[in-house]
Amino acid sequence: MLDCQTGNMLIVEDDRALRERLARAMERRGFTVKAVSGVSEAMQTVAAEAPDYAIIDLRLLDGSGLDVVNELERKSPDARAIVLTGYGDIPTAVSAARLGAVDYIAKPATADEIVDALTSPRGEQPPAPEKPIPPNQARMEHIEQVFNDANRNVSHAARLLSMHRRSLQRLLRKHEITSDSTPQD
């Protein structure tokens with residue numbers, strides 16, 4: 001874990017549980033955190049006082065996190081922002097970088113990986129994770145995230161994942177993730 005940092009941080013994440021976990025993790029690392037759930041709240045926050053750092057989800061209920069990145073870059077070019085998303089692709093990553101994001105990180109990511117990306121000097125790449133998660137675990141975390149984003153609806157999640165509903169049900173059952181279970185931290 002990194003030494004404590006200082007500075008104001010904006011977290012823009014529409015998933016309440018993830019937003020709260022991220023806020024707690026960043027506060028433990030010394031940041032003063034303002035956590036909001038959407039583009040409109042983020043724009044108001046940036047207009048009132050641009051943060052030093054920002055963690056911005058790509059897909060928000062009321063728009064694109066790229067709009068927030070763009071506004072933050074316009075208002076405070078020295079601010080450091082990353083885009084954190086479960087729906088990453090190369091064109092969006094390029095757009096995020098062009099708009100001013102210093103990094104584009106796929107969920108799941110650890111708090112330390114996020115802080116490394118935010119605080120590394122411009123032009124320097126953050127270090128590779130010491131213990132990267134195994135590919136199967138990353139795959140299941142992605143599937144679980146999509147399942148949760150689909151309000152734990154197997155049919156809808158299967159469509160989003162481009163897989164057969166029964167295949168998804170078997171995977172979820174194998175990993176003890178059910179419609180009745182609560183998402184894990």
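In the list 129, 134, which residue meets the criterion of being within 18 Å of the chain's Cα centre (by Cα), surrounded by fewer than 18 Cβ atoms within 10 Å (Cβ to Cβ), of a type outside the set (S, T, N, Q) and modelled with pLDDT under 85?
Going through 129, 134 in turn, just one is within 18 Å of the chain's Cα centre (by Cα), surrounded by fewer than 18 Cβ atoms within 10 Å (Cβ to Cβ), of a type outside the set (S, T, N, Q) and modelled with pLDDT under 85: 129.
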Next item on the list: Just give me the residues in region 36-59 being at pLDDT 90 or above and aliphatic (A, V, I, L, M), in sequence order.
Entry: 36, 39, 42, 43, 46, 47, 48, 50, 54, 55, 56
Next item on the list: Inspect region 66-88 for any residue being part of a helix (DSSP H, G or I), within 21 Å of residue 21 (Cβ to Cβ) and at pLDDT 90 or above and give the result as yes or no.
Entry: yes
Next item on the list: Looking at (1) surrounded by 18 or more Cβ atoms within 10 Å (Cβ to Cβ); (2) within 18 Å of residue 9 (Cβ to Cβ); (3) not β-branched (Val, Ile, Thr), find the lone condition where residue 86 falls short.
Entry: (2)
Check: List, please: which pairs have Cβ atoms under 7 Å, are six or more places apart or on different chains, and start with a residue in region 14-35 that is not assigned by TED's automatic domain parsing to the domain that holds residue 148 and at pLDDT 90 or above and end with one that is basic (Lys, Arg) and part of a helix (DSSP H, G or I)?
Finding: 35/19
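The values are calculated or read from the model by the stated rules, or taken from the named source; none is laboratory data. Here the structure is a predicted model, which is why all the values come from computation and not from measurement. Every residue, glycine among them, receives a Cβ derived from its backbone with ideal geometry; neighbour counts consider all protein chains shown.
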